[in-house]
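Asks: I have a structure here, written as structure tokens, and I will follow up with some questions on it.
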Amino acid sequence: MATFGVGSPVWVEDEEDMWIEATVLKIEADKVISKNRKGGEVVSSKDMVHPRDEDTAEMGVDDMTRLSYLHEPGVLDNLSRRYHLNQIYTYTGSICIAINPFQAVPHLVGTKLMEMFKVAQPGEVSQPHVYAVADRAYKAMMDEEKSQSILVSGESGAGKTEATKLIMNYLAFMGGRATPVAGERSVEQKVLESNPLLEAFGNAKTVRNNNSSRFGKFVEIQFNRGKISGAAVRTYLLERSRITQVSTPERSYHCFYQLCAGATAEEREKLKIEAAPNYFYLNQSECFEVPRFDEVEEYKATRHAMDVVGISTEEQDGIFRIVASILHLGNVDFKPGKEADSSQLADDKSRFHLNCCAELLGANPKLLEDSLIQRIMVTRGEAITKLLDKKQAVGSRDALAKTLYAKMFDWLVDKVNKSIGQDPNSNTLVGVLDIYGFESFTVNSFEQLCINLTNEKLQQHFNTHVFKMEQEEYVKEEINWDNIDFVDNIDVLDLIEKKPLGIIALLDEACMLPKSTPESFGQKLAQSFDKHKRFTKHKFKKTLFKIDHFAGEVEYSTDTFIEKNKDFVIAEHQQLLTASTDPFVRQVYPPPEEPKQGGKGGGKSSFSSIGTRFKQQLQSLMDTLNQTEPHYVRCVKPNQKLKPLMFEKRIVLQQLRCSGVLEAVRISCAGFPTRRTFFEFADRFKILFPDAVANCGQDYKSACVKILEKIGLERYQIGKTKVFLRAGQMAILDTKRTEILNEAA
């Protein structure tokens, strides 16, 4: 049965708008010829033409499961209509889509609105809002005594931080203390105030966003008898490679540039700090400034954020000593030494920076130099000095820089948590996850693989939840749903993380072999996954391969995979920092726990895989999420110019694909994408069988059954309150309706 005929309103593809309204002129074997809104004639293959509902209200629908046609162009059109009327929130089932308005929307925030959601009974207020998501989470936690999580996702600039703030504000409104002690800041205030501090040390300019979080953050708001009693900020997966490797047009972490530009004359003298372009770790990229960022003001704001969190002036100075020491360390270069396979400092400039670094860390300059150019190997109780060549010395230098930064970041997070305070007696929590979205650039490396693995994991969690919600709707309506396919991405997850033959396991193996190169690793992947349907090797370049992710294909380059995965815990670095004369440095780098009896002690440096540690952290995050009831907010950036009321369909569509919103639509489509109450259905299609409808009176259910039987549709389902139609069935009914109306006209 044709789903559209001549004269049918449809959507066809368009270069500029992605999808455009058109009317069918002619239908051939596998082609459809139509006239689009711009007056052009379009020839499309049948599978790229979608039916269009001409009866859509100007404001669209607030829940997209109520669309007559739940497909890509329908979703895009509905969001666009709502956005231009300043309705930035829309549901797809239980998922809240929030489109960044890039302007104040006073009608959508404030106590009055929060009060409305607070007193509403379930199902009473249908208005989509992040307050409503937070309200559902809070009330479910109270009713079921089960912890909840709210997963806020989206690319940089989509408004995740703002959405997270609104969620926190609502939770504080519901569970805040009635009368905070005068002058004392509440738990939720402290959590929000920690944001600028973590951004200074964990955010950086990337290709797509000037202030991109390069770590994931899970804020646990703890409750005791419905009142907020504590909170903890857990951070995940800080991108460590950015500390030592960065390329145009990206930058390293904001704090480096803030210090170079904002330090006072006295601080410059103490830290021997100069302008950002003078440091190797920063000048590998030609980008030093960010539009609308005043680094001097940002530096003051970071210092203020440290005051607010309770970091003393001495500790603040200690933090920036470490930041400066990393910049000096990056300027230490090497040349071949006198002996074979050895190295030494390249010149006086390297010596100067090495001495500055040692002074700032309270370390002995000779010990620091030795820790970079040699290793002490302990074999059979004897200590043997092994010299490092130039390449190994650079590797050792970068390993120390990453260790310095990562430990300092952990110390800051720990300090934030001590300042906020946790409640050991709390029995339930609402967790808010704010984590980077799917990434695909011109060149994609190891970080993108890790970030995209995170998103694949979260997508699997999301799919399972959406599928479960679908099932609950079918059970509630008492319809049969046995034969519905579930969209699963387990094959991609296995490809990346399965042992012993996933990409990360093979990368760890390559890191252990001294002769591994990007080419040999690329070749190993090509051999191992030759038959894998989600993996494609490059025809000519051994270092390139593609993975078909849920959000589309991404091409990765193995060029820096091996270096970026290596995180050597170098015994000499550990000893150097533990022996520091600076008490703050010793606090940030406490000595490692003593190895258990029978373990291998001594000066042993061990390889630690960043990929494997990333996987473990990700698993612990998923374990936490799996113990909670999830709620979803998907943030969308409507344009790249960050302007209000500008809706670029190409950009929005890409994000809907990446955020899993269209995946949720696909899961619905696998079952019954169109649901209509008996009254709505009978009212729309009574023209197909007027007598039957007239005879049924107020019994709309019987009227629906008669209409469906008359048309001869199959595999639809009649629920308790709704008609459930399979994909394409609504279009068949609409085509019949259009034919009757055209004849009458």
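The values are calculated or read from the model by the stated rules, or taken from the named source; none is laboratory data. Remember, predicted model here, so these are calculated numbers, not experimental data. Note: ideal-geometry Cβ built from the backbone for every residue, glycine included; neighbour counts use all protein chains shown. To get the accessible areas, we keep the full protein, side chains included, count just its heavy atoms, and leave off ligands, DNA and RNA. Shrake-Rupley method; radii C 1.70, N 1.55, O 1.52, S 1.80 Å.
Asks: On the given criteria, is I740 aliphatic (A, V, I, L, M), in a helix (DSSP H, G or I), surrounded by 17 or more Cβ atoms within 10 Å (Cβ to Cβ) and out of contact with any Gly (no Cβ under 6 Å at 6 or more places or on another chain)?
Replies: Here the answer is no, as I740 does not meet what is asked.
Asks: How many residues does the range 90-131 hold that are under 22 Å from the mean Cα position of the chain (by Cα) and either among the acidic types (D, E) or over 20 Å from M64 (Cα atoms) (or both)?
Replies: 1
Asks: State all residues of the range 411-439 that are among the β-branched types (V, I, T) and closer than 30 Å to Y589 by Cβ; if no residue qualifies, say none. Break it down stepwise before answering.
Replies: Pass one, the range 411-439, residues among the β-branched types (V, I, T): 413, 416, 420, 428, 430, 432, 435.
Once the filter is applied, which keeps residues that are among the β-branched types (V, I, T) and closer than 30 Å to Y589 by Cβ, the range 411-439 yields V413, V416, I420, I435.
Asks: Out of the helices (runs of 4 or more DSSP H) lying entirely within the range 284-392, which hold 2 or more residues that are closer than 28 Å to F607 by Cα? Working first, answer last.
Replies: Values: elements: 295-309, 313-330, 348-361, 365-373.
Of the helices (runs of 4 or more DSSP H) lying wholly inside the range 284-392, those with at least 2 residues that are closer than 28 Å to F607 by Cα span 313-330, 348-361, 365-373.
Asks: OK, next. Which members of the range 267-286 meet the condition of being among the hydrophobic types (A, V, I, L, M, F, W, C) and surrounded by fewer than 17 Cβ atoms within 10 Å (Cβ to Cβ)? So that I can check it myself, show each step before the final result.
Replies: Residues of the range 267-286 that are among the hydrophobic types (A, V, I, L, M, F, W, C), as a first pass: 271, 273, 275-276, 280, 282.
Answer for the range 267-286, where residues must be among the hydrophobic types (A, V, I, L, M, F, W, C) and surrounded by fewer than 17 Cβ atoms within 10 Å (Cβ to Cβ): A275, F280.
Asks: Same structure, new question: Which of the residues belonging to the range 102-143 are aromatic (F, W, Y) and either surrounded by fewer than 16 Cβ atoms within 10 Å (Cβ to Cβ) or part of a helix (DSSP H, G or I) (or both)? It would help to see each step written out before you state the result.
Replies: Restricting attention to the range 102-143, the residues satisfying the condition of being aromatic (F, W, Y) are 102, 117, 131, 138.
Passing the criteria: F117, Y131, Y138.
Asks: Among (1) within 29 Å of K418 (Cα to Cα); (2) without any contact (Cβ under 8 Å) to a residue 12 or more places away in the chain; (3) open to solvent by 60 Å² or more (accessible area, probe 1.4 Å), there is one condition G381 misses while meeting the rest; what is its number?
Replies: Every condition holds for G381 apart from (1).
Asks: List, please: which pairs have Cβ atoms under 7 Å, are six or more places apart or on different chains, and start with a residue in the range 210-224 that is closer than 18 Å to G437 by Cβ and end with one that is charged (D, E, K, R) and open to solvent by 30 Å² or more (accessible area, probe 1.4 Å)?
Replies: From the range 210-224, the pairs are N211/E199; F218/R234.
Asks: I'm checking my understanding of the structure. Among residues of the range 657-699 that are charged (D, E, K, R) and in contact (Cβ under 8 Å) with a residue 24 or more places away in the chain, which one is most open to solvent (accessible area, probe 1.4 Å)?
Replies: Of all residues in the range 657-699, those charged (D, E, K, R) come to 657, 663, 666, 675-676, 680, 683-684, 686, 691, 699.
Imposing the further condition that a residue be in contact (Cβ under 8 Å) with a residue 24 or more places away in the chain reduces the set to 657, 663, 666, 675-676, 684.
Working: R657: 93, E663: 14, R666: 122, R675: 23, R676: 26, R684: 39 Å².
Among them, the one singled out is R666.
Asks: Shifting gears a bit: I'd like the full set of residues that are touching a residue at least 24 places away in the same chain (Cβ under 8 Å) and among the aliphatic types (A, V, I, L, M), limited to the range 332-355.
Replies: Answer for the range 332-355, where residues must be touching a residue at least 24 places away in the same chain (Cβ under 8 Å) and among the aliphatic types (A, V, I, L, M): V332, L345, L354.
Asks: Can you tell me which residues in the range 708-736 are open to solvent by 50 Å² or more (accessible area, probe 1.4 Å) and more than 23 Å from V475 (Cβ to Cβ)?
Replies: E709, K710, K736, listed by residue number.
Asks: A further question follows. Hey, can you tell me all the residues within the range 13-30 that are open to solvent by less than 90 Å² (accessible area, probe 1.4 Å) and over 31 Å from the mean Cα position of the chain (by Cα)? Spell out how you get there, then give the answer.
Replies: Going residue by residue through the range 13-30, those that are open to solvent by less than 90 Å² (accessible area, probe 1.4 Å) are 14, 17-25, 27-28.
If the condition is that a residue be open to solvent by less than 90 Å² (accessible area, probe 1.4 Å) and over 31 Å from the mean Cα position of the chain (by Cα), then E21, A22, T23, V24, L25, I27, E28 are the ones that fit.
Asks: Oh, and also: Consider only pairs whose beta carbons are under 6 Å apart and that are at least six residues apart or on different chains; among these, list those whose first residue lies in the range 56-67 and is within 18 Å of V723 (Cα to Cα) and whose second residue is open to solvent by 30 Å² or more (accessible area, probe 1.4 Å).
Replies: T65/G93
Asks: Condition first: within 27 Å of S371 (Cα to Cα), open to solvent by 30 Å² or more (accessible area, probe 1.4 Å) and under 27 Å from the mean Cα position of the chain (by Cα). Can you find one or more residues in the range 531-539 that meet it?
Replies: Filtering the range 531-539 for residues within 27 Å of S371 (Cα to Cα) gives none.
No; the residues of the range 531-539 include none that is within 27 Å of S371 (Cα to Cα), open to solvent by 30 Å² or more (accessible area, probe 1.4 Å) and under 27 Å from the mean Cα position of the chain (by Cα).
Asks: Could you check, for the range 310-331, whether at least one of its residues is open to solvent by 20 Å² or more (accessible area, probe 1.4 Å), in contact (Cβ under 8 Å) with a residue 40 or more places away in the chain and either touching a Leu at 6+ places or on another chain (Cβ under 8 Å) or under 19 Å from L576 (Cβ atoms) (or both)?
Replies: Yes, the range 310-331 contains a residue that is open to solvent by 20 Å² or more (accessible area, probe 1.4 Å), in contact (Cβ under 8 Å) with a residue 40 or more places away in the chain and either touching a Leu at 6+ places or on another chain (Cβ under 8 Å) or under 19 Å from L576 (Cβ atoms) (or both).
Asks: Do the conditions hold for T558, that is, is it at pLDDT 95 or above, open to solvent by less than 70 Å² (accessible area, probe 1.4 Å), among the β-branched types (V, I, T) and over 20 Å from the mean Cα position of the chain (by Cα)?
Replies: In short, yes.
Asks: Suppose we keep only residues that are among the polar types (S, T, N, Q) and touching a Leu at 6+ places or on another chain (Cβ under 9 Å) within the range 567-580. Which one would you say is modelled with the lowest pLDDT? I'd like the intermediate steps shown before the answer.
Replies: Step one: of the range 567-580, the residues among the polar types (S, T, N, Q) are 574-575, 578, 580.
Now drop any that are not touching a Leu at 6+ places or on another chain (Cβ under 9 Å), which leaves 575, 580.
Values: Q575: 89, S580: 94.
Of everything passing the filter in the range 567-580, Q575 is modelled with the lowest pLDDT.
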